[in-house]
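In what follows, a structure is listed as structure tokens, so that the remarks can point back to it.
The values are calculated or read from the model by the stated rules, or taken from the named source; none is laboratory data. Because the structure is predicted, anything quoted here is derived from the model rather than measured. Reconstructed Cβ throughout: ideal geometry from the backbone, glycine too, with neighbour counts over all protein chains shown.
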Amino acid sequence: MPRNTRNSQQAGLEETFTLLDPSGNSTPATRSATHPPTPVLMSTPQQTPVHISLETPEPLSEVQKFAKAIGDIVKTGGPSKPKLREPDTFDGSDSRKLRTFILQCKLNFRDRPDLFQDDKSKVNYVLSYLKGTALDCFESVILDPNEPDWADNFSLFTDELASNFGTYDPVGEAEAELEGLRMHDSHQATKYFIKFQQLASRVEWGEAALRRQAYNGLAKRIKDDMVHHNKPNTLAGLRRLVQAIDARYWERKGELSRETRASGSSGNKSDNKPDSAKSDNKSGKSKSKQKDNNSGSTQGKGSSSDPKKSTPDLSSKLGKDGKLTPQERQRRLDNKLCLFCGTSGHVAKDCPKSTSASSKARASSTEQDKSASSGTDAKKD
């Protein structure tokens with residue numbers, strides 16, 4: 001069947017074609033094409049149409065809502081939130097620890113606001129960490145069915161706690177401690193300013209007074225170095241300058257320490273050879289001394305043996321007590337002989353053969369006895 005077709009490449013153009021009736025006559029006809037025909041590939045699968053429902057979903061039941069909430073929690077549940085450290089218990093024995101105790105409690109309030117939505121829960125939380133005297137102070141009030149005003153007012157409760165266990169004059173004590181605060185040469189500036197800020201928060205001083213007091217408490221080495229810088233006009237500026245000077249000071253201290261260790265190790269290496277030579281010399285000297293001592297001891301033994309051989313028999317001149325007999329003693333006195341060695345020319349106290357102090361003392365006493373006896377004989381004459 002003949003058919004003439006002309007397709008336009010642009011949308012909106014007419015398409016002309018010929019139709020044949022049953023008798024064989026041709027009848028031309030036209031049809032407006034709004035879109036160009038799309039060729040159909042044999043290999044392209046037929047796509048299934050997507051139906052979008054615009055109907056409103058039915059409301060969920062309470063059980064379904066609860067299950068959905070649990071599912072959302074499980075799906076969105078990431079890593080657990082870090083838990084803060086619980087506050088230390090407070091027993092009221094040290095009033096200086098009360099401020100730290102309240103600070104730790106407030107940190108837990110900020111970390112878990114869902115658990116501490118009202119003051120009463122905060123008061124009960126603090127009461128649970130009291131012990132000893134501090135807990136005894138509130139025991140009767142806690143057991144009383146009539147609750148006090150501070151039971152549901154955290155500010156009034158902290159005032160009650162401070163009035164019983166706080167310092168008597170916190171402002172005056174802070175001022176006195178601030179005036180006495182000093183930074184020594186071995187201290188670090190960061191630690192000094194942390195303590196300074198703690199005390200400054202308790203006093204009612206102005207900016208200029210605090211800056212002046214902070215400067216007065218600085219170490220001498222910091223003040224000496226500050227002459228090379230412009231003096232800051234604010235407390236924050238003073239802190240930054242002091243910390244920079246202090247950091248450079250400790251950095252230089254570390255450099256000097258490393259340089260000293262390095263020079264010491266190099267000096268030890270260079271001195272190894274001379275030390276070994278000295279040790280060799282010392283060992284040689286010690287060996288020579290040992291040889292001399294050995295020879296001397298040998299000679300000493302020989303010399304000590306010689307006198308034993310040449311020592312005369314003194315048994316006839318000495319008594320049983322080891323002293324000269326009266327006859328021998330008188331003979332030496334009459335002949336002016338030494339009472340120690342028996343030779344002439346000196347007395348016993350000057351005898352070269354007598355080396356002990358006790359021998360010389362005995363000889364001196366003997367000489368005195370001799371002079372005394374001679375004096376007695378002269379009187380008799």
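Could you give every pair whose Cβ atoms fall below 7 Å, whose first residue belongs to the stretch 227-238 and is aliphatic (A, V, I, L, M), and whose second residue is assigned to a loop (DSSP other than H, G, I, E, B) and surrounded by 11 or more Cβ atoms within 10 Å (Cβ to Cβ), counting only separations of at least 6 or pairs across chains?
L238/P232
Among the listed residues A208, A247, which satisfies the condition of being at pLDDT 90 or above and either of a type in the set (S, T, Y) or closer than 15 Å to Y192 by Cβ (or both)?
Values: A208 fails: either of a type in the set (S, T, Y) or closer than 15 Å to Y192 by Cβ (or both).
The conditions single out A247.
Return a yes/no flag: does the stretch 161-178 have any residue that is polar (S, T, N, Q), touching an Asp or Glu at 6+ places or on another chain (Cβ under 9 Å), in a loop (DSSP other than H, G, I, E, B) and at pLDDT below 90.
Here is the first cut: in the stretch 161-178, the residues polar (S, T, N, Q) are 163-164, 167.
Checking which are touching an Asp or Glu at 6+ places or on another chain (Cβ under 9 Å) leaves us with 167.
Restricting the remaining residues to those that are in a loop (DSSP other than H, G, I, E, B) gives 167.
If we keep only those that are at pLDDT below 90 as well, we get 167.
Checking the stretch 161-178: at least one residue is polar (S, T, N, Q), touching an Asp or Glu at 6+ places or on another chain (Cβ under 9 Å), in a loop (DSSP other than H, G, I, E, B) and at pLDDT below 90.
It is to be established whether one or more residues within the stretch 133-144 are assigned by TED's automatic domain parsing to the domain that holds K120, at pLDDT below 90 and not in a helix (DSSP H, G or I).
yes
Of the residues R202, R182, which is among the basic types (K, R) and farther than 29 Å from G254 by Cβ?
Numbers: R182 fails: farther than 29 Å from G254 by Cβ.
On inspection, the qualifying residue turns out to be R202.
Taking interchain pairs and intrachain pairs at least six residues apart, which have beta carbon atoms under 6 angstrom, with the first residue in the stretch 183-204 and farther than 15 Å from V171 by Cα and in the same structural domain as G237 (by TED's automatic domain parsing) and the second β-branched (V, I, T) and surrounded by 15 or more Cβ atoms within 10 Å (Cβ to Cβ)?
A189/V242
Considering the stretch 113-146 alone, what residues qualify as being within 35 Å of the chain's Cα centre (by Cα) and exposed (fewer than 14 other Cβ atoms within 10 Å of the Cβ)?
Step one: filter the stretch 113-146 for residues within 35 Å of the chain's Cα centre (by Cα), giving 125-134.
Answer for the stretch 113-146, where residues must be within 35 Å of the chain's Cα centre (by Cα) and exposed (fewer than 14 other Cβ atoms within 10 Å of the Cβ): S128, K131, G132, T133.
When you check L218 against the structure, is it closer than 24 Å to E173 by Cβ, in contact (Cβ under 8 Å) with a residue 12 or more places away in the chain, assigned to a loop (DSSP other than H, G, I, E, B) and not aromatic (F, W, Y), yes or no?
Working: closer than 24 Å to E173 by Cβ: yes; in contact (Cβ under 8 Å) with a residue 12 or more places away in the chain: yes; assigned to a loop (DSSP other than H, G, I, E, B): yes; not aromatic (F, W, Y): yes.
Yes, satisfied.
Can you list residue pairs whose Cβ atoms sit under 8 Å apart, with the first residue in the stretch 72-97 being at pLDDT 75 or above and the second being of a type in the set (S, T, Y) and outside any helix (DSSP H, G or I)? Count only pairs 6 or more apart in sequence or on different chains.
Close Cβ pairs (under 8 Å, with a partner that is of a type in the set (S, T, Y) and outside any helix (DSSP H, G or I)) amount to E86/Y129; P87/Y129; D88/Y129; T89/Y129; F90/Y129; S95/T167; R96/T167.
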